[in-house]
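Data block below; observations after.
The values are calculated or read from the model by the stated rules, or taken from the named source; none is laboratory data. Quick caveat: nothing in here was measured; it's all calculated off a predicted structure. All Cβ positions, even for glycine, are placed from backbone atoms using ideal geometry, and neighbour counts span all protein chains on display.
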Amino acid sequence: VTAHLQEGTPLVPTIDVPALFEKHYLSLVRLAMRLVDDQESAEDLVQDVFAALPADVEDPHRYLRTAVVNRARSALRHRRVVRAFWARGHRLEQMDSADLPSLRRAERDQMLAAIAHLPQRQREVVVLRYYEDLGVAEIAAVLNISPGSVSSALNRAMSALAAVIGADDA
Amino acid sequence: MPDLETRIRDALGADEIGWDDLRQPTLRASSRSHRRWPAMLATAAAVAVVATVAAVIATTRNGTSNAPAATQPAYAGYAWKLSGLTDGQGSIAGLGSVPAQIAFSDTAVSGTFDNASIFGHYSQTADGYALTDIGLAGTSGEIARSGDLRVGHAFASVFVHTNGRDLDPSRPASVAARVTGDRLVLQANGITLRLSRTGPSGLSPIIDAVGYTWRVTALQDRQGELSVPQRLGAQIGFDRTGVVSANGLHRSQGRFALTSGGYVVADSATSAANGYVGHNPVIVREIRALDAVMERNAMLSATINGKTLTLRRDGTALTLHRGEPEPRYRFTITGAGSASVEPTPNTPITEGNSVSVSP
């Protein structure tokens, strides 16, 4: 197979990366924080996503969101993480705990820890469904899996969370 | 009690961070080349002070001296762990817990200390070996432990000449080496290292790729094998400060850390500033393959056969042809601790550029 580069092929970006960064960076970091276990890693991986953003991507926001999910998965694969500590770790240190009833805070911690303990695919589905508010078809597109697989993973995740949180929530 | 979905939304939506909470609130792409790469180089260089290696040859076995021989020296093919040293301050024994090791192939030597390596090629001399082509590689490591500074300096001294606390990798060491059973003694620059054999060498083949640029001539991915015309072949270069660069339509850089079968990419970044917007299948597949081998934490296996380098990661393989050697450069390590590095990675490394580490 041979191919030729044509002279004059545009090599300049066709998207405005700084504008995309301004518009989406914070929300992508927030998403990444739900998928990895600390803010520093989340910011790192989102920065990496922007640095590797192709110049000709058709739907930048969709591309960025998918890339963040993929890189978060890769990041977790490459390091040992005690996910259960996330909710009780430095995230809690940033909270204004005086404004939150202790019971409600404890419930959130319990839920976050349970989500963090889910298998990665289920965790991604739960975050995309209940944090990003994506539908099944959109989640399937982001994760490059079938809608049926999304539904299956979501059902398993909900069962697992219900079992962890309490039978009365199932 | 709220239902399960509400509780999930409540938990995931709680405690949102804002712009003021971000630690990297600006786009890194433009700043990376000015801040991050020098920092990485500095870290690696500083680590290398403590992490250096030395190697020498043992020309004796069982205490009997040998003349330089065409045969493989007794230390070649093995890894040797540091157990003790003697320097101007006296002797230190019981260094078995220090993560310092030297490994030899029949032509190359690499010393590792924590996550950093110093490596080069060697040729036998009357009482040991002489080093050439010194380079540094690695990711990061603890360099400030005072107890290790002396050990690290001694370790580096059997690779490069020293002047007080200054180490000069541009002046490789000539090392005396003696093997007695499973013990190796190396001497250079007034330093004696005592090491114990631990097993097979496991030396990274990528050491032989350092100092050259390599042009992609073929690739293999899930779509099959593909020849890459010369005019479309991207180049991958490994320099002696431990930086691997890929110059295709995208430009990528990362640090490489030696492994027994190849190397691991650390702290890599890709610039899409000159990204490809066309649909040429060769270019698209080549970019994808380069992204795979330059991705952060990518673990590559490498084989070198003459002027052909093959890099493999999962289902991706790149075949590359060796190009001209990089211009030689000079770097000087003057201590350990805080560090500064010049030039920036955007500046080609040329004769006279320096990498320095200030105590």
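For the stretch A:120-170, filtering for residues that are over 27 Å from A:VAL29 (Cβ atoms), at pLDDT 90 or above and acidic (Asp, Glu) leaves 0. If the condition is being closer than 24 Å to B:SER204 by Cβ and outside any loop (DSSP other than H, G, I, E, B), then the stretch B:69-96 contributes B:TYR78, B:ALA79, B:TRP80, B:LYS81, B:LEU82, B:SER83. If the condition is being crowded, with 22+ Cβ neighbours inside 10 Å and farther than 19 Å from A:TYR130 by Cα, then the stretch A:21-40 contributes only A:TYR25. On the stretch given as the stretch B:105-126, residues that are surrounded by fewer than 22 Cβ atoms within 10 Å (Cβ to Cβ) and closer than 20 Å to B:VAL151 by Cβ total 2.
Picking from residues in the stretch B:224-244 that are in contact (Cβ under 8 Å) with a residue 24 or more places away in the chain and in a strand (DSSP E or B), the one that is nearest to the other protein chains (Cβ to nearest Cβ) is B:LEU226. Going through (1) buried (at least 20 other Cβ atoms within 10 Å of the Cβ); (2) more than 19 Å from B:SER196 (Cβ to Cβ); (3) modelled with pLDDT under 80 one by one, B:PRO68 falls short only on (1). Quick check: anything in the stretch B:6-26 over 30 Å from A:ALA114 (Cα atoms), at pLDDT below 80 and more than 24 Å from the chain's Cα centre (by Cα)? So far as the stretch B:6-26 goes, no, none of its residues is over 30 Å from A:ALA114 (Cα atoms), at pLDDT below 80 and more than 24 Å from the chain's Cα centre (by Cα). Residues in the stretch A:121-143 that are among the hydroxyl-bearing types (Ser, Thr, Tyr) and part of a loop (DSSP other than H, G, I, E, B): A:TYR131 only. Going through (1) outside any strand (DSSP E or B); (2) surrounded by fewer than 22 Cβ atoms within 10 Å (Cβ to Cβ); (3) under 24 Å from the mean Cα position of the chain (by Cα) one by one, B:ARG285 falls short only on (3).
Summed over the stretch B:206-242, residues that are surrounded by fewer than 21 Cβ atoms within 10 Å (Cβ to Cβ) and within 22 Å of B:TRP80 (Cβ to Cβ) total 1.
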